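A quick write-up on the structure given underneath.
Derivation of every value follows stated rules applied to the coordinates shown; laboratory data play no part. Treat the numbers as computed from the prediction; the structure is a model and nothing was measured. No Cβ is skipped: glycine too gets one built from the backbone with ideal geometry, and neighbour counts run over all protein chains shown.
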Amino acid sequence: MKINPMKYLFMFIAALSMLFAQNIFAEEASPKIDLNLSQKDSVGEVKVVITKTDAEGKIIPVPKVEVKVYVQRTFSLLPVEGDNLTTDEEGIATVEFPKDIPGDADGNVTVIAKVEDNDELGELEASKVAKWGVPVIENQIVMRRALWGAAANAPLPLVLVVCSILAGVWGIIIYIVYQLFKIKKIGVYETKN
Amino acid sequence: MTYKETLLKSGVEIPKPADEKMKGLLKDLLPKNFSLSGKIWVGFLLAIALTGLYAYTLQLRHGLVVTAMRDFTSWGIYISNFVFFVAISLVGSLVSAVLKLSNVQWRTPLTRLSEIIAVSAITFASIIIIVDMGRPERFWHLFVYGRIQSPIIWDVIVISTYFVISLLLLYLPLLPDLALCRDNISGMKKWKKKIYNILALNWQGTHKQYRIINRSMKILAVLIIPLALGIHTVTSWLFATTFRAGWDSTNFGPYFVSGAFMVGCAGVIALMYILRNHYKLDKYITQRHFDNMGRLLVLLSLIYLYFNINEYLITGYKMKTVEGEHLMDLFTGSYAPMFWLVQIFGMIVPIIVLVFKKGRKPVPLFIVSLFVIVGAWFKRFLIVSPTLLHPFIPLNTVPQAWQHYFPTWQEWAITCGSLAGALLMVTFLIRVLPIIPIWEVAEEEGIQMQIPSKHHFN
Amino acid sequence: MRYVESNESRRKFIKAGIITGVVAATGLGVFEALSDDKIPKTGEKIKLLSPEGKIVEVDSSLINPNTNIPDIPLSSHNVREGVPGKKFVMVIDLSKCKNAGKCRKACSKMHYLPEERSFIKIDRMQDSEKTAPYWMPTPCFHCDNPPCVKVCPVSATFKLTDGIVGIDNERCIGCRFCMVACPYSARVFNWGEEMYALDAERQKQMKGHEGCSSHKVGTVEKCDFCPSHAAKGKLPDCVTACPNGVFYFGDENEDTVTNGDETVRLSALIRDKAGYRYLEELGTKPRVYYLPPANRQFPFTEAKEEKKN
């Protein structure tokens with residue numbers, strides 16, 4: 001009884017693998033995109049290498065493929081300059097990475113290389129992180145004391161002036177209310193005597 | 001013929017003995033029951049106030065959509081009514097403090113009136129501002145989450161402080177009179193007597209007690225003047241701290257304060273005329289009082305005229321885009337009739353009439369003060385609403401209905417209800433308190449006051 | 001013995017599962033049949049506030065019987081928390097705007113508002129007598145020196161670390177000081193439930209949009225740059241809805257903005273197309289830049305329907 005479920009499970013997995021084995025052991029060309037980031041004289045260089053495997057299983061470079069290089073941004077991909085980047089005979093496309101692109105707090109940027117809509121190769125994508133971005137120093141204006149700040153971030157002069165006026169005026173009021181109690185006390189004293 | 005008869009015949013006034021004078025004072029000035037006209041007056045005010053209350057329940061149920069306010073005209077007559085109440089409340093400081101510190105002797109009969117007006121007006125200013133809130137049940141947020149950078153918080157602070165001080169200025173000089181009421185009103189029900197007694201704080205008329213009162217009054221008088229200037233300046237900053245055309249002015253503080261003193265003075269004049277006629281107080285509120293209040297009103301109106309000129313002439317000279325359009329709307333556009341009526345009958349006519357001695361007789365003075373009060377209410381409406389119809393972004397793509405503002409019946413009902421409520425509070429206070437400070441008048445006339453010293457109530 | 005037991009329990013389990021499934025299916029079916037789409041007219045009239053500000057009477061059968069405000073799936077986004085590390089900025093290209101109005105439609109759909117009351121308005125601007133008119137969409141500018149935040153007495157509106165000026169509808173007391181203080185008329189007020197009563201037809205069109213901020217009668221509302229979208233890397237609805245690519249949105253820290261199709265450097269865009277901010281002289285430091293209507297893509301046409309009286 002215990003073995004039965006295992007048997008069925010094994011058969012199920014085998015069937016699935018046979019279905020997908022076609023793709024895993026395909027003989028057709030499988031294009032690959034490689035992204036190499038290197039530093040050349042303080043200038044970042046992005047090298048995109050496109051290769052594919054031919055019928056004999058040898059890896060050959062693919063020339064004249066249009067490649068696009070991007071930087072990952074919050075809502076979209078920012079194209080890195082370089083008109084009509086195409087791979088040369090060795091399947092390599094190179095572009096210089098601009099120096100003024102902001103990165104995160106440490107200066108990291110995610111560089112993405114893409115082949116879009118190529119008839120032969122389809123769509124390919126590769127990404128790598130490099131420390132080529134300008135580190136962004138967070139300027140937290142929200143933490144500063146300001147008139148538009150949170151209640152706790154009120155400008156100090158304002159706080160001091162309001163508090164001193166309040167203390168002064170209400171101090172006098174409390175003194176006068178105390179005097180009222182004193183009147184009552186005097187009255188009681190008078191009637192008793 | 002006796003000596004007395006000879007004197008009487010020759011028209012010489014014989015000085016009365018002290019306690020007879022005192023009895024006379026008490027007879028004149030102690031609070032009396034309502035006459036028929038008093039009851040009709042109260043009934044009339046109650047009707048208006050209850051209608052306002054009903055309209056407010058409608059507003060609580062459906063939200064502020066029952067008013068005519070919409071996204072552009074987001075402040076309406078509730079706010080202008082609030083400014084009006086704050087303005088009138090300044091009269092307390094004017095009479096109790098400014099005149100006191102200038103040693104003006106004739107102000108004595110008027111101090112209590114003005115404090116009554118001040119306290120009632122401030123109470124209803126707070127009420128109407130809660131009515132204007134979209135979420136009144138969150139009123140406590142102001143105290144728990146308040147931001148000291150906000151002009152509204154400054155306003156809350158000064159209004160509550162001013163209310164407390166006005167209450168003290170009303171209450172402190174009231175102590176001797178409360179004792180007199182407790183002892184001398186005939187046929188008073190026991191529970192009423194008890195309340196008078198509790199409020200009188202065991203007043204026995206000793207030297208020490210008088211000294212405390214006098215010293216406290218002096219301190220409060222000095223304190224309330226900057227506070228009165230502060231309260232209306234801060235209220236004007238609710239408008240002046242924005243960029244709107246017509247509000248973006250550095251002149252707003254003194255402009256509002258001078259207007260407030262003027263309308264407060266007119267309020268006291270109106271009230272003193274009505275009370276004098278109703279309670280036959282001719283002996284205490286004399287022609288001299290009217291004359292002097294009239295002169296004060298002229299002075300205050302002239303100061304207000306000066307600030308008006310500064311406000312409108314200088315803006316009109318430059319005619320800066322949106323501000324120019326706003327001004328043209330006031331001078332020659334849709335608000336022109338109201339604007340000119342208010343300026344002429346609310347400010348110019350009073351000045352002209354009151355400059356002449358004949359104009360300072362009670363009846364013309366009373367009519368003029370009514371003009372000033374009504375004019376002041378509409379002036380505050382003119383300050384609040386036309387500006388909101390001239391935002392920087394043009395109104396041309398907005399639905400037609402949002403391009404005008406005329407209050408709905410609920411708004412009118414609630415506003416009139418608050419005015420009626422304030423008058424009711426004034427009426428009530430006049431009914432239970434001596435209008436004119438008896439002990440101060442007695443002091444001035446040199447009468448010795450007798451308070452049964454062994455008086456002790458359980 | 002154990003084998004027999006487990007067999008029994010497995011059979012029982014399968015049986016139970018099948019029964020549950022059948023019951024559930026029939027239950028749902030019955031429920032479906034019960035909730036009838038065809039609601040007969042009741043004859044009772046309910047007052048609605050039309051976009052023109054008039055009160056119209058509509059048969060109560062057309063209003064959602066459960067509540068006048070549709071069931072809005074509220075975002076679990078915390079209004080007082082900013083998206084860390086970002087500083088959102090928007091650029092609006094006036095040379096491309098032709099008052100298509102899709103941004104307004106998308107915004108009001110996102111926030112469950114009647115269409116004419118969306119948080120973004122399209123104004124017909126004409127700077128002076130002889131200059132050409134143009135259409136200008138105005139969302140909230142999320143200023144860096146916000147006059148509205150300065151005057152709020154209870155901290156119901158506040159500036160976040162990501163640049164957004166947010167509103168906490170649970171804190172707002174409805175004093176409307178912020179509305180008066182904003183020189184750009186960006187804020188609207190929830191005057192009453194009638195403002196949001198949508199007829200059954202429009203409600204059907206609105207699918208659940210996660211991310212809508214809560215509506216509370218008696219509080220202030222405005223454009224919020226769709227923070228629940230931004231936290232997931234999605235653009236605000238007005239940006240994606242615009243057919244002409246008028247709106248660019250992005251992170252100022254990354255110096256990049258995008259309108260869905262093109263992604264450009266923010267500094268380059270503003271420099272090359274002479275970007276400016278509306279009413280800069282007021283010192284509010286808005287986070288929305290405008291590109292002047294030069295080299296227009298469409299000629300200026302007046303609004304098609306006249307705003308009804």
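Just one of the listed residues (B:His278, B:His232) is in contact (Cβ under 8 Å) with a residue 40 or more places away in the chain, in a helix (DSSP H, G or I) and surrounded by fewer than 23 Cβ atoms within 10 Å (Cβ to Cβ), and it is B:His278. All conditions in (1) more than 29 Å from B:Trp140 (Cβ to Cβ); (2) more than 10 Å from every other protein chain (Cβ to nearest Cβ); (3) in a strand (DSSP E or B) hold for C:Trp135, with the sole exception of (2). From the list C:Met179, C:Met195, exactly one residue is free of Cβ contacts under 8 Å to residues at least 60 places away in the same chain and farther than 22 Å from A:Arg144 by Cβ. Which is it? From the options C:Met179, C:Met195, the qualifying one is C:Met179.
Within the option set B:Asp132, B:Asp177, being more than 13 Å from chain C (Cβ to nearest Cβ), in contact (Cβ under 8 Å) with a residue 40 or more places away in the chain and not small (Gly, Ala, Ser) holds for one residue only, B:Asp177.
The single condition among (1) buried (at least 18 other Cβ atoms within 10 Å of the Cβ); (2) free of Cβ contacts under 8 Å to residues at least 12 places away in the same chain that B:Phe163 does not satisfy is (2).
Under the condition of being assigned to a loop (DSSP other than H, G, I, E, B), touching a residue at least 40 places away in the same chain (Cβ under 8 Å) and of a type in the set (A, V, I, L, M), which residue from region C:145-172 is farthest from the other protein chains (Cβ to nearest Cβ)? Restricting to residues being assigned to a loop (DSSP other than H, G, I, E, B), touching a residue at least 40 places away in the same chain (Cβ under 8 Å) and of a type in the set (A, V, I, L, M), the top hit is C:Ile164. Only one of the numbered conditions (1) part of a helix (DSSP H, G or I); (2) over 28 Å from B:Ser37 (Cα atoms) is not met by B:Ile430, and that is (2). Exactly one residue out of B:Ala260, B:Ala240, B:Ala245, B:Ala221 is under 30 Å from A:Gly187 (Cα atoms) and either more than 14 Å from chain A (Cβ to nearest Cβ) or surrounded by fewer than 19 Cβ atoms within 10 Å (Cβ to Cβ) (or both), and it is B:Ala221. Evaluated against (1) outside any loop (DSSP other than H, G, I, E, B); (2) more than 18 Å from A:Val129 (Cβ to Cβ); (3) of a type in the set (A, V, I, L, M, F, W, C), A:Val69 falls short on exactly one condition, (2). Do you know which of the residues in region A:114-147 that are of a type in the set (Gly, Ala, Ser) and over 29 Å from C:Lys159 (Cβ atoms) is farthest from the other protein chains (Cβ to nearest Cβ)? If we take residues in region A:114-147 being of a type in the set (Gly, Ala, Ser) and over 29 Å from C:Lys159 (Cβ atoms), then A:Gly122 is farthest from the other protein chains (Cβ to nearest Cβ). If we keep just the residues of region C:249-274 that are within 20 Å of C:Ala294 (Cα to Cα) and of a type in the set (Gly, Ala, Ser), which is farthest from the other protein chains (Cβ to nearest Cβ)? That would be C:Ala274.
Taking (1) touching an Asp or Glu at 6+ places or on another chain (Cβ under 9 Å); (2) among the hydrophobic types (A, V, I, L, M, F, W, C); (3) surrounded by 14 or more Cβ atoms within 10 Å (Cβ to Cβ) in turn, A:Leu158 satisfies each apart from (1). Among the residues of region B:59-69, those that are within 7 Å of chain C (Cβ to nearest Cβ) and either of a type in the set (A, V, I, L, M) or out of contact with any Gly (no Cβ under 6 Å at 6 or more places or on another chain) (or both) comprise B:Leu64, B:Val65. Of the listed requirements (1) farther than 30 Å from B:Leu168 by Cβ; (2) out of contact with any strand residue (DSSP E or B) (no Cβ under 7 Å at 6 or more places or on another chain); (3) within 14 Å of chain B (Cβ to nearest Cβ), A:Ala150 misses just one: (2).
Determine whether region A:103-113 contains at least one residue that is among the β-branched types (Val, Ile, Thr), over 43 Å from the mean Cα position of the chain (by Cα) and either within 30 Å of A:Gly44 (Cβ to Cβ) or within 11 Å of another protein chain (Cβ to nearest Cβ) (or both). Steps first, answer last, please.
Of the residues in region A:103-113, the ones among the β-branched types (Val, Ile, Thr) are A:109-112.
Filter again for over 43 Å from the mean Cα position of the chain (by Cα), leaving none.
No - not one qualifying residue is present in region A:103-113.
Scanning region B:136-167 for residues that are under 16 Å from the mean Cα position of the chain (by Cα) and not hydroxyl-bearing (Ser, Thr, Tyr) gives B:Ile159, B:Phe163, B:Val164, B:Ile165, B:Leu167.
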